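In what follows, a single structure is set out as structure tokens and then discussed.
The values are calculated or read from the model by the stated rules, or taken from the named source; none is laboratory data. These numbers come from a predicted model, not from an experiment. Reconstructed Cβ throughout: ideal geometry from the backbone, glycine too, with neighbour counts over all protein chains shown.
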Amino acid sequence: MFHVGGARSALFNWVMARQSGGTLVLRIEDTDASRNSPEWTEGIIRALAWLGMDGGEYEGPYFQSANADKHVEAAARLRADGRAYYCDCTRDEIVARTGDSHKGYDGHCRDRGLDPAPGRALRFRTPDEGQTTVVDLLRGKPVFENAVLEDFVIARGDGSVTFLLANAVDDISQGITHVVRGEEHLSNAPKQQLLWDALGAEPPVWAHVPVIVNEKRQKLSKRRDKVALEDYRAEGYLADAMRNYLMLLGWAPAGDREIVPWDVIVDEFRIEDVNSSPAFFDVKKLKAINGDYIRALTPEEFAAACLPFLEDAPFDVDPAVFAALAPLAHTRVAVLSEIVPMVDFAFLPEPPYDEASWNKAMKEPAAAILDGALAAYRDAPWEAEELKTRLEAVGAEHGLKLGRTQAPVRVAVTGRTVGLPLFESLEILGRETTLARIEAARARLT
RNA sequence: GGCCCGUUGGUCUAGUCGGUCAGGACGCCUCGUUCUCAGCGAGGAGAUCACCGGUUCGAAUCCGGUACGGGCUACCA
């Protein structure tokens, strides 16, 4: 599962690296073994590739867990330097003392001089005074009072090192100069800077991009919102469209443009121009942009892009028939998966049955129209324009315009009240099938 | 509660050096093209730029305060 917010951060990082000639490094932060798996990182790599970032675009992936020795060594050094101390407090004890589960650690073990032992965590001793200033490309220079920074855990009771320290160690050894990540990490920045400093290094430049929110203005979350990039891909969103849309969240190209080629984005994007307020992930707009990208495809590209969705459909596709149908569907599809219900009638043995459509179209002169169509089509030259002219004539006998006349025929043949241009569809379907379906519908009407 | 961040039409944004009819896009509505639906074309509604005060001839743009929203506050990352 790759979160769309993570995708956006990755895109920002990528663009910045390309602009500066720097290197993007992909690091899998798997310091918590229980939350990681090979499939997880597989998914991330596949998602990045889909967005255009294949292995050549970044360095890595590096697995943070592979550097565990270095992390442990750094933790030991901090402790030897008096910058960290062991603590045997449990969460419950801390809450009991502070009376508030959100108050942070109270420094109980600071000067107890505890020796390392299984179960004892190592905490970083934050300065009691002074302040830490974070240089952030989007937010200026947020200042944090060191006194309000709690003594956070850098190594767990089992000796393994946590995210904050592991990151600092790896960032330093990998020569990281810019850290672009979600705003939810902003409060981690001062802690990490303290660590960089304690480890004797100059902190990087940060850029905390605003979170992406849902309609209720809350950070997009895996459990209540649709956030997996893979899901959008599976629905038929194009990578180019997704990429363009993600970049539009908090930023826009110069002038009155929104839909622009990736090259333009790489050329014009400036991280410092990104809006610093949260942006709503508007699927409606994503879909509109996706439709634009789909329409920009050539007919061949469009047909090819539809194929995977048709393969999963509950019917077998005749390639020649689909090739004929695809151009008719091209402007009507905003998300690739929509192709299935649009062409299914041509491949199913029977047209799909939709009750609402049937009831709407099969009203009064319907039986007569179907009879008329049957008679008119029996010996008609099988060509769209001719089929249209003949049905028009049938409608005229009942004083109806084509708009009304075509409805029963459309439902009889395709099962639905809306769909591809009817007469072209009939031409492709063929006389035999068309007549059989109209007859079947007519029979149901008596 | 504490710390930090934020606030331009419903939504995403333009606006960066104070003087614009506050522009574009999505969505919504209307009309046209039309065999349905899309698409395409043309219009429209919708913003006293969160609020209050200040500086100024003039503020969305500068300053102060208030309100509201969000993020974080784990031996997760």
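Of A:ASP100, A:ASP88, all but one fail to be acidic (Asp, Glu) and touching a Leu at 6+ places or on another chain (Cβ under 7 Å); the exception is A:ASP88.
If you go through region A:65-100 and pick out every residue that is surrounded by 15 or more Cβ atoms within 10 Å (Cβ to Cβ) and touching a His at 6+ places or on another chain (Cβ under 8 Å), you end up with 3.
Identify the residue in region A:77-109 that is part of a loop (DSSP other than H, G, I, E, B) and away from RNA strand B (no atom under 14 Å from the Cβ) and, among all such residues, is nearest to A:LEU195 (Cα to Cα). Even if it seems obvious, please write down each step before you answer.
Initially, region A:77-109 is screened for residues part of a loop (DSSP other than H, G, I, E, B), giving A:81-83, A:88-90, A:99-109.
Checking the rest, the ones that are also away from RNA strand B (no atom under 14 Å from the Cβ) come to A:81-83.
Details: A:ASP81: 12, A:GLY82: 13, A:ARG83: 9 Å.
This residue is A:ARG83.
Of the helices (runs of 4 or more DSSP H) contained entirely in region A:366-423, those carrying at least 1 residues that are farther than 29 Å from A:GLU338 by Cα and more than 8 Å from RNA strand B (Cβ to nearest atom) fall at A:366-378, A:384-397. The residue that is nearest to RNA strand B (Cβ to nearest atom), among those in region A:123-147 that are in a strand (DSSP E or B) and surrounded by 16 or more Cβ atoms within 10 Å (Cβ to Cβ), is A:PHE144.
Let's see how each residue does on (1) polar (S, T, N, Q); (2) more than 13 Å from RNA strand B (Cβ to nearest atom); (3) modelled with pLDDT under 95:
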| position | (1), (2), (3) |
| --- | --- |
| A:PHE163 | no, no, yes |
| A:LEU199 | no, yes, no |
| A:VAL211 | no, no, yes |
| A:GLN218 | yes, no, yes |
| A:TYR232 | no, yes, no |
| A:LEU238 | no, yes, no |
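So that you can scan it fast, the table gives a plain yes or no per residue for (1) small (Gly, Ala, Ser); (2) surrounded by fewer than 19 Cβ atoms within 10 Å (Cβ to Cβ):
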position: A:PHE2; (1), (2): no, no
position: A:ALA10; (1), (2): yes, no
position: A:MET16; (1), (2): no, no
position: A:THR23; (1), (2): no, yes
position: A:GLU29; (1), (2): no, yes
position: A:GLY52; (1), (2): yes, yes
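State whether one or more residues within region A:22-43 are touching a Ser or Thr at 6+ places or on another chain (Cβ under 7 Å) and part of a strand (DSSP E or B). Yes, there is a match, as at least one residue in region A:22-43 is touching a Ser or Thr at 6+ places or on another chain (Cβ under 7 Å) and part of a strand (DSSP E or B).
Counting the residues of region A:424-446 that are crowded, with 20+ Cβ neighbours inside 10 Å and of a type in the set (Ser, Thr, Tyr) gives 2. Being farther than 14 Å from A:GLY430 by Cα, part of a loop (DSSP other than H, G, I, E, B) and within 48 Å of the chain's Cα centre (by Cα) is a description that applies to A:PRO352. The residues of region A:359-387 that are surrounded by 19 or more Cβ atoms within 10 Å (Cβ to Cβ) and under 27 Å from A:ALA326 (Cβ atoms), listed by number, are A:ALA361, A:ALA373, A:TYR377, A:LEU387. Return yes or no: is A:ASN13 under 22 Å from A:TRP206 (Cα atoms), within 16 Å of RNA strand B (Cβ to nearest atom) and touching a residue at least 60 places away in the same chain (Cβ under 8 Å)? Against the criterion (under 22 Å from A:TRP206 (Cα atoms), within 16 Å of RNA strand B (Cβ to nearest atom) and touching a residue at least 60 places away in the same chain (Cβ under 8 Å)), A:ASN13 qualifies. A Cβ distance below 7 Å, combined with a sequence gap of six or more or placement on separate chains, defines the contacts here; from region A:125-141, residues that are touching a residue at least 24 places away in the same chain (Cβ under 8 Å) and over 17 Å from A:ALA207 (Cβ atoms) reach residues that are acidic (Asp, Glu) and part of a loop (DSSP other than H, G, I, E, B) in the pairs A:ARG125/A:ASP151; A:THR126/A:GLU150; A:THR126/A:ASP151. Anything in region A:264-318 that is crowded, with 17+ Cβ neighbours inside 10 Å, in a helix (DSSP H, G or I) and away from RNA strand B (no atom under 14 Å from the Cβ)? List them, or say none. Passing the criteria: A:ALA303, A:ALA305, A:CYS306, A:PHE309, A:LEU310. For beta carbons closer than 6 Å, sequence separation of 6+ or different chains, a first residue in region A:419-443 that is within 10 Å of A:VAL409 (Cα to Cα) and touching a residue at least 12 places away in the same chain (Cβ under 8 Å) and a second that is within 15 Å of RNA strand B (Cβ to nearest atom) and not in a helix (DSSP H, G or I), the qualifying pairs are A:ARG437/A:PRO351.
Consider region A:214-242 and keep the residues that are surrounded by fewer than 18 Cβ atoms within 10 Å (Cβ to Cβ), closer than 19 Å to A:ALA279 by Cβ and touching a residue at least 24 places away in the same chain (Cβ under 8 Å). The one that is nearest to the chain's Cα centre (by Cα) is A:ALA228.
Regarding A:SER337, is this residue within 15 Å of RNA strand B (Cβ to nearest atom), in the same structural domain as A:ALA313 (by TED's automatic domain parsing) and under 23 Å from A:ALA320 (Cβ atoms)? I'd like the intermediate steps shown before the answer.
Values: within 15 Å of RNA strand B (Cβ to nearest atom): yes; in the same structural domain as A:ALA313 (by TED's automatic domain parsing): yes; under 23 Å from A:ALA320 (Cβ atoms): yes.
So A:SER337 fits the description; yes.
Only a single item in (1) touching a Lys or Arg at 6+ places or on another chain (Cβ under 9 Å); (2) among the acidic types (Asp, Glu); (3) within 9 Å of RNA strand B (Cβ to nearest atom) is not met by A:ASP170, and it is number (3). Any residue at all in region A:149-161 that's more than 8 Å from RNA strand B (Cβ to nearest atom) and more than 41 Å from the chain's Cα centre (by Cα)? No - not one qualifying residue is present in region A:149-161.
If you go through region A:243-263, how many residues are on the phi > 0 side of the Ramachandran plot and surrounded by 18 or more Cβ atoms within 10 Å (Cβ to Cβ)?
Of region A:243-263, the ones on the phi > 0 side of the Ramachandran plot are A:250, A:255.
Checking which are surrounded by 18 or more Cβ atoms within 10 Å (Cβ to Cβ) leaves us with A:250.
Of the residues in region A:243-263, 1 are on the phi > 0 side of the Ramachandran plot and surrounded by 18 or more Cβ atoms within 10 Å (Cβ to Cβ).
Annotation note: Cβ proximity below 9 Å between a residue of region A:263-285 that is over 23 Å from A:LEU229 (Cβ atoms) and a residue that is polar (S, T, N, Q) (sequence gap 6+ or interchain) occurs for A:ASP267/A:GLN19; A:ARG270/A:GLN19.
Residue-level check: of (1) within 13 Å of RNA strand B (Cβ to nearest atom); (2) of a type outside the set (Lys, Arg); (3) touching a residue at least 60 places away in the same chain (Cβ under 8 Å), A:SER187 misses just (3).
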